Amino acid sequence: MSLLADRKALVTGASRGIGRAIALAFAREGADLALLATRRDALEALAEEVRALGRRASVQAVDLRDGAAVQAAVDAAREELGGLDIVVNNAGITCDQLLLRHKEEDFQRVLDVNLTGAFRVTKAAARALLKSRCGRIITVSSVVGLTGNAGQSSYAASKAGLVGFAKSLAQELARRGVTSNVIAPGFIETDMTAQLSDEQRAAIAQRIPLGRVGRAEDVARAAVYLASDHAAYVTGVVLRVDGGLSM
Ligand code: NAP
């Protein structure tokens, strides 16, 4: 049986990496998809893959820093799909810099995309989620948001902020039947981590108890669980998907 039969899911940062893997995993489980990111060409290509799996896809090319555009994109997605049951706040950027060299505008940009972007999307989708009989908010943070990381103060602050944001929504929306949970990935092989050398990657893998770096599909499987009825009694949790790295 499909775990997400006929659910309507909106995924931000769907054009590549973890978001793309989540969108495809959801479609394989029977969900229709609203795909958000800035690059329309990549989203259109993914939409074709979703349709080939027999599901509907709505493409919304939007920059999460633009509040009005986000509202319009979420409204259009909701209309095209006929509602929304699941929102996955996945889009994110990094700007790695030691504190003394970190420019305020860069710090603000990371918070604007990662944290305020999730606020904009979730707020725009909230009414639709409240109408759903199985509303789900899934927010992709990072283990760095739990532990901190030298050279990643803006990224870690945004990811820690997302944990507080998601837990607050869990409390606010529980009585309305909407759950809100966080996934905290460890080191996952995507464009975001592609600039590391083979030696750096091997050094990280050595610190991971399960002995390998993560794949986008590892995170996607956790998202399917949290979106499904199997997680109906789970809210306000932070699920680490990191091979044991941060325990
Ligand atoms: P990625 O490959 O760099 O993809 C980032 C996604 O975010 C892209 O789809 C991108 O869309 C979208 N995006 C970036 N800026 C945007 C904006 N202003 N408006 C709309 N969309 C925007 O990253 P990833 O590795 O898949 O990461 C996905 C999430 O997992 C992020 O939140 C990241 O922080 C988190 N995470 C990743 C790792 C890891 O090791 N990879 C670990 C922990 C947490 P466009 O390409 O269209 O711009």
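The values are calculated or read from the model by the stated rules, or taken from the named source; none is laboratory data. All values reported here derive from a predicted model rather than from experimental measurement. No Cβ is skipped: glycine too gets one built from the backbone with ideal geometry, and neighbour counts run over all protein chains shown. The accessibility values were calculated without ligands, DNA or RNA, using every heavy atom of the protein model including side chains. Shrake-Rupley method; radii C 1.70, N 1.55, O 1.52, S 1.80 Å.
Over the chain, what per residue volume does the convex hull of the Cα atoms give, in whole Å³? Walk me through the numbers before you get to the answer.
Working: hull volume 30.5 nm³, N = 247.
Per-residue hull volume (Cα only) is 123 Å³.
Provide the FRET efficiency to the nearest 0.05 for the Tyr225-Ala76 pair, computing r from the beta carbons and using R0 = 22 Å. It comes to 0.15. Would you please state which residues of segment 207-247 a label at Ser168 would reach in this model, taking the label point 7 Å out along Cα→Cβ and a backbone N cut-off of under 16 Å? Only 236 fall inside the zone, counting backbone N under 16 Å.
For the pair Leu98 and Arg65, a Förster radius of 22 Å applied to the C-beta separation gives a FRET efficiency near 0.35, rounded to the nearest 0.05.
In the full protein context, the chain carries 48 Å² of accessible surface per residue, based on a 1.4 Å probe and ignoring ligands, DNA and RNA. The lysines whose alpha-carbon is closer than 22 Å to the alpha-carbon of Lys167, local same-chain residues fewer than 8 away aside, are Lys123, Lys131, Lys159. Element breakdown for the chain at a 1.4 angstrom probe: carbon and sulfur atoms account for 50% of the accessible area.
Remark: spin-label model distance Leu111-Ala203 equals 3.1 nm, labels positioned 7 Å along the Cα→Cβ axis.
Okay, which of segment 92-115 sit inside 14 Å, backbone N to the point 7 Å along the Cα-Cβ direction of Asn149? What the label zone holds, given the 14 Å backbone N cut-off, is 92-98.
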